[in-house]
Amino acid sequence: MPPHAITRRKLAALLASIPILGACVTTGGGSDYYAGPVSDHFDGARFFNPGGEPPRPFTQFLRWQLTETRTAWPEAFPSPFPQDVPPDRVPGGALRISFVGHATFLIQGAGLNILTDPVLSDRASPFSFTGPKRVNAPGIDFTKLPKIDVVLLSHAHYDHMDVETLRRLWERDRPRILAPLGNDVILRGHHPGMVVETMDWHEQRDLGMGVTTTLEAVHHWSARGVFDRNHALWGGFVLKGIGDGIFFAGDTGFDQGRPFRRIAQRHPGLGMALLPIGAYEPRWFMQAQHMNPDDAVQGFELLGSRQALGYHWGTFNLTNEGVDSAPADLAQALAAKGVDPARFVAALPGLVWTNGVA
């Protein structure tokens with residue numbers, strides 16, 4: 001068979017990669033989701049990374065999809081941890097972080113329950129019949145989630161914005177949903193009654209109980225299809241007043257370390273860093289949007305945090321590396337830089353971190 005032949009497997013991979021494909025397609029006109037003043041990261045039609053690397057062209061996307069081979073993943077990659085049954089609340093200065101899977105964390109402290117990028121569906125895909133399918137169960141069953149007060153959404157890619165999980169949370173708990181600019185329009189397109197508070201980079205919100213969150217700039221992009229690239233903003237969140245402070249990166253490329261230097265300057269002394277370590281091969285295509293473990297360790301050191309949990313690996317097969325490549329590469333990166341491996345743990349669903357003990 002010719003090397004460029006489109007097999008059923010490659011066609012499925014193409015369909016599953018629509019969010020990444022969207023990052024390669026340039027469209028004219030204004031944003032479908034946001035109208036606002038021009039800024040250092042919005043040109044009046046689309047958002048962009050100031051000084052950052054531009055998206056790969058469509059020809060390079062096709063080169064990746066049609067000429068490279070992904071490492072095969074197993075049908076199941078179960079976590080060694082049992083599903084967590086979290087408490088209703090964690091009061092005072094205590095902090096409890098439970099890893100649900102991929103980019104979903106339940107953060108409990110100061111009497112608040114905060115959920116990041118909640119994805120509990122079987123697929124991270126616009127389609128029910130194809131696309132990345134989870135290979136392990138969520139670390140918390142939906143029915144065991146405590147009442148969620150706040151949802152933090154980093155951006156619109158399908159492995160971070162799961163409209164079905166968000167619908168279930170909204171109907172059950174009516175949480176505050178905070179998201180970067182433009183993402184409210186996407187969600188209301190699916191669920192018209194859903195209330196979403198949007199934020200620009202560096203804006204802060206009071207969550208109550210002495211806790212605040214700030215949307216910070218990271219190096220990424222957004223898309224739900226092939227014609228809405230960067231019509232909505234992306235970002236990471238800093239939480240203060242809960243534990244010793246937390247940074248949740250969402251998705252980001254290393255970008256020469258600039259996001260981490262900037263956050264360390266704006267928010268010194270954050271105790272916990274939640275950092276993506278997966279979906280990084282091939283580097284020639286993925287480097288601008290996803291860190292590899294070595295990048296993540298460098299970012300951790302630039303932040304100056306005491307502890308990190310690594311996520312965005314081992315749940316959805318998005319790129320070329322193997323299901324367990326990220327923790328192996330993380331161990332090598334930590335050893336090369338002389339960082340205690342207990343300070344940066346590759347999280348698996350069901351892992352619980354409580355004030356210094358994972």
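For segment 285-358, the alpha-carbon radius of gyration amounts to 1.09 times the rule-of-thumb value 2.2 N^0.38 Å expected for a compact globular protein.
Antiparallel as a % of all DSSP beta bridges within the chain, to the nearest 5? Antiparallel bridges make up about 60 percent of those DSSP assigns within the chain. Shown in residue order for segment 344-351 are the 3J(HN,Hα) couplings computed by the Karplus curve 6.51 cos²θ - 1.76 cosθ + 1.60 at θ = phi - 60°: 9, 10, 7, 7, 10, x, x, 4 Hz (x for Gly and Pro). Protein heavy-atom surface of segment 74-204, 1.4 angstrom probe: 53% of the accessible area is carbon and sulfur, with nucleic acids and ligands not counted. Segment 81-160 and segment 271-340 have their alpha-carbon centroids 20 Å apart. Scoring 325-334, 252-261 by mean Cβ neighbours within 10 Å over their residues and listing the highest first yields 252-261, 325-334.
Restricting attention to the chain, the count of lysine pairs at 8 or more positions apart or across chains with alpha carbons under 29 Å apart stands at 6.
Taking amide H positions as modeled 1.01 Å from N, with prolines and chain starts lacking one, the residues under 5 Å from Glu216 and 5 or more places away or on another chain are His202, Gly236, Phe237, Val238.
Per-residue 3J(HN,Hα) values for segment 195-202, derived from phi via the Karplus relation 6.51 cos²θ - 1.76 cosθ + 1.60 with θ = phi - 60°, read 9, 10, 8, 9, 9, 9, 4, 6 Hz in sequence order (x marks Gly and Pro). For Ser39, the amide hydrogen comes within under 5 Å of the amide hydrogens of Gly44, counting only partners 5 or more places away or on other chains and with H modelled in the peptide plane. Stokes-Einstein, applied to the Kirkwood radius of the chain over Cα pairs at a viscosity of 0.692 mPa s and 37 °C, places its translational diffusion at 162 µm² s⁻¹. Return the tail of the calculated pair distribution for segment 168-273, meaning the percent of Cα-Cα pairs more than 15 Å apart. So the pairs more than 15 Å apart make up 67 percent of the total in segment 168-273.
Altogether, the Stokes-Einstein calculation at 4 °C and 1.567 mPa s, with the Kirkwood radius of segment 205-358 over Cα pairs as Rh, returns a diffusion coefficient of 81 µm²/s.
Measuring max minus min along each principal axis, the C-alpha atoms of segment 74-183 give extents of 44, 38, 21 Å (largest first). Distance between the pseudo-spin-label points of Val38 and Asp244 (7 Å out from Cα toward the beta carbon): 4.5 nm. Karplus-based coupling profile of segment 51-56, in residue order and whole Hz: x, x, 6, x, x, 5, with θ = phi - 60° in 6.51 cos²θ - 1.76 cosθ + 1.60 and x standing for Gly or Pro.
Excluding ligands, DNA and RNA, the accessible surface per residue across segment 101-163 is 24 Å² with a 1.4 Å probe. When peptides 313-321, 169-177 are ranked by their average number of other Cβ atoms within 10 Å per residue, the highest-first order is 313-321, 169-177. Per residue, the chain reaches -6000 deg cm²/dmol at 222 nm when only DSSP H runs of four or more residues are counted, each adding -39500 (n - 2.57). May I ask for log10 I(q)/I(0) of segment 99-159 at q = 0.15, 0.25, 0.29 Å⁻¹, from a Debye sum over the Cα atoms as equal point scatterers with solvent left out? Taking Cα atoms of segment 99-159 as identical point scatterers yields -0.47, -1.10, -1.30. Which percent of the accessible area of segment 27-71 is formed by carbon and sulfur heavy atoms (probe 1.4 angstrom)? Roughly 55 percent, rounded to a whole number. Remark on Phe105: its backbone amide H falls under 5 Å from those of Val100, Thr116, a criterion applied only to residues 5 or more positions apart or on other chains, H modelled at 1.01 Å from N.
The values are calculated or read from the model by the stated rules, or taken from the named source; none is laboratory data. Note that this is a predicted model, so its numbers are computed, not measured. Neighbour counts run over all protein chains shown; Cβ positions are idealised from the backbone, glycine included. Each accessible area value is taken on the protein alone, full model and side chains, heavy atoms only, with ligands, DNA and RNA left out. Shrake-Rupley method; radii C 1.70, N 1.55, O 1.52, S 1.80 Å.
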